[in-house]
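Peer 1: Take this structure, written in structure tokens, and hold onto it; I'll ask about it next.
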Amino acid sequence: MRILILQSAGKHRENAHYREALSLDRALNGIEGVTSVVWGHGYPNYATDFETMVKAFDCVLLLENYSSTPWVPDMSGLKKLKLFWSIDAHVVFSRHAGIVKQHKIDAVLSSTSIYKDKFGVKGYWFPNCYDDTLVKYMPEVEKAHNVGFCGNHVNRGQWINRLAHDMKMKVDVMVIGDSMVRAVNSYKIHWNRNYSTDLNYRTFETLGCKTALLTNNTDKLSSMFTIGRHLLTYKDYADCCDKIRFLLKNDKARNDMAEAGYNHVIKNHTYKNRARLLVDIIKERI
């Protein structure tokens, strides 16, 4: 099985190697009988035109979710299986629906479960995950901060400001790549707030760093994790602060939860897991 993955190269040197296409490519190429190649704007092989490149592949997976640069070739007439991985559809659903229609996509892999049947073609729930070849537990990094947040503000600005003041939360905004992994490893508790119906990368990456996760409850969270064993959730601000205090006062409970969450994600929610799911989907379609 030969899979061509389309996504532009990352713009930031610090996390370009964390690009979804590259993480998936590494995982796919670890499966016997499967070969994948990433092609897109910014990669050396982009000099080879798409029509020439695609001839050697059985199917195409489009992973370009946000780019405003019209580099993606018109695939509407391509007589090969075409898949689209829709990430963050809750933010740009209309754009993603347009991509599916424009390129006559055969099936959609949706990272948010409630959107999988809204594209007018066959949909599969294909949740986010993490790259365990890059995101790792680093025992040499001291858990120097009681609670931290690593990410961007989006819908979290007021929460971040209040927690930084009230709970002395360490805030690492736009810390990316390997520095992000080190930052998350330095927290005793990583605070998260998913956006809308999302189950974000931070959920999986935190547990992959063997750091205790405190997050809000969102769609499918309880079907993928055991709340209270793998992670904790909060209902409102007061509950969030209470949960932080509880975890900080109970080292064993916090460390046991971090250990259980780590063991769960490394077994079930890496790119290796998603690569095998993708191969099964492709076998079903071709």
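Peer 1: Just the residues that are modelled with pLDDT of 95 or more and among the aliphatic types (A, V, I, L, M), please, taken from segment 73-96.
Peer 2: Those that are modelled with pLDDT of 95 or more and among the aliphatic types (A, V, I, L, M): Met75, Leu78, Leu81, Leu83.
Peer 1: Here is a follow-up. Return a yes/no flag: does segment 187-195 have any residue that is in the same structural domain as Gly261 (by TED's automatic domain parsing), touching a residue at least 12 places away in the same chain (Cβ under 8 Å), part of a helix (DSSP H, G or I) and surrounded by fewer than 22 Cβ atoms within 10 Å (Cβ to Cβ).
Peer 2: There is no residue in segment 187-195 that is in the same structural domain as Gly261 (by TED's automatic domain parsing), touching a residue at least 12 places away in the same chain (Cβ under 8 Å), part of a helix (DSSP H, G or I) and surrounded by fewer than 22 Cβ atoms within 10 Å (Cβ to Cβ).
Peer 1: While we're looking at this one, here's another question. Return the pair list, or none, for Cβ contacts closer than 6 Å from residues in segment 267-286 that are over 19 Å from Leu4 (Cβ atoms) to residues that are of a type in the set (A, V, I, L, M), at least 6 apart or on different chains.
Peer 2: Within 6 Å, the pairs are Lys272/Ala27.
Peer 1: Same structure again: Quick one: is Arg202 touching a strand residue (DSSP E or B) at 6+ places or on another chain (Cβ under 9 Å) and part of a loop (DSSP other than H, G, I, E, B)?
Peer 2: For Arg202, the condition - touching a strand residue (DSSP E or B) at 6+ places or on another chain (Cβ under 9 Å) and part of a loop (DSSP other than H, G, I, E, B) - is not met.
Peer 1: Quick one: count up the residues across segment 170-180 that are outside any strand (DSSP E or B) and either free of Cβ contacts under 8 Å to residues at least 24 places away in the same chain or crowded, with 22+ Cβ neighbours inside 10 Å (or both).
Peer 2: Result for segment 170-180: 2.
Peer 1: For segment 145-160, which positions are part of a loop (DSSP other than H, G, I, E, B) and of a type in the set (A, V, I, L, M)?
Peer 2: Hit for segment 145-160 is Val154, nothing else.
Peer 1: Please go through segment 223-262 and give me each residue that is closer than 18 Å to Tyr130 by Cα and assigned to a helix (DSSP H, G or I), ordered by number.
Peer 2: Ser223, Met224, Ala258, Glu259, Ala260, Gly261, Tyr262
Peer 1: Can I ask one more? Can you give me the number of residues within segment 99-144 that are charged (D, E, K, R) and over 17 Å from the mean Cα position of the chain (by Cα)?
Peer 2: The number of residues fulfilling the criteria is 9.
Peer 1: Looking only at segment 230-260, filter to residues that are touching a strand residue (DSSP E or B) at 6+ places or on another chain (Cβ under 6 Å) and farther than 21 Å from Ile160 by Cα; which one of those is surrounded by the most Cβ atoms within 10 Å (Cβ to Cβ)?
Peer 2: Looking at residues that are touching a strand residue (DSSP E or B) at 6+ places or on another chain (Cβ under 6 Å) and farther than 21 Å from Ile160 by Cα, I get Ala258.
Peer 1: Still on this structure: Confirm whether Ser76 is polar (S, T, N, Q) and either closer than 30 Å to Ser179 by Cβ or surrounded by 16 or more Cβ atoms within 10 Å (Cβ to Cβ) (or both).
Peer 2: no
Peer 1: Further question on the same structure: Please specify each residue of segment 171-214 satisfying the condition of being closer than 22 Å to Lys272 by Cα and aromatic (Phe, Trp, Tyr).
Peer 2: Result: Tyr201, Phe204.
Peer 1: Check Glu32, Glu20 and return the single one that is under 24 Å from Glu284 (Cα atoms) and either modelled with pLDDT under 95 or loosely packed, with under 13 Cβ neighbours inside 10 Å (or both).
Peer 2: Going through Glu32, Glu20 in turn, the sole match is Glu32.
Peer 1: Here is a further query. Please verify whether Arg202 is crowded, with 16+ Cβ neighbours inside 10 Å, within 26 Å of Trp125 (Cα to Cα) and either at pLDDT 95 or above or not assigned by TED's automatic domain parsing to the domain that holds Asp88 (or both), treating the condition exactly as stated.
Peer 2: Yes.
Peer 1: Taking segment 96-121 as the search range and keeping residues that are within 22 Å of Gly77 (Cβ to Cβ) and without any contact (Cβ under 8 Å) to a residue 24 or more places away in the chain, which one is surrounded by the most Cβ atoms within 10 Å (Cβ to Cβ)?
Peer 2: So, considering only residues that are within 22 Å of Gly77 (Cβ to Cβ) and without any contact (Cβ under 8 Å) to a residue 24 or more places away in the chain, the one surrounded by the most Cβ atoms within 10 Å (Cβ to Cβ) is Val100.
Peer 1: Counting only residues that are modelled with pLDDT of 95 or more and among the polar types (S, T, N, Q), which one in segment 122-157 is surrounded by the most Cβ atoms within 10 Å (Cβ to Cβ)?
Peer 2: Asn128
The values are calculated or read from the model by the stated rules, or taken from the named source; none is laboratory data. This is a predicted model, so every value here is computed, not measured. Virtual Cβ from ideal backbone geometry, glycine too; neighbours counted across all protein chains shown.
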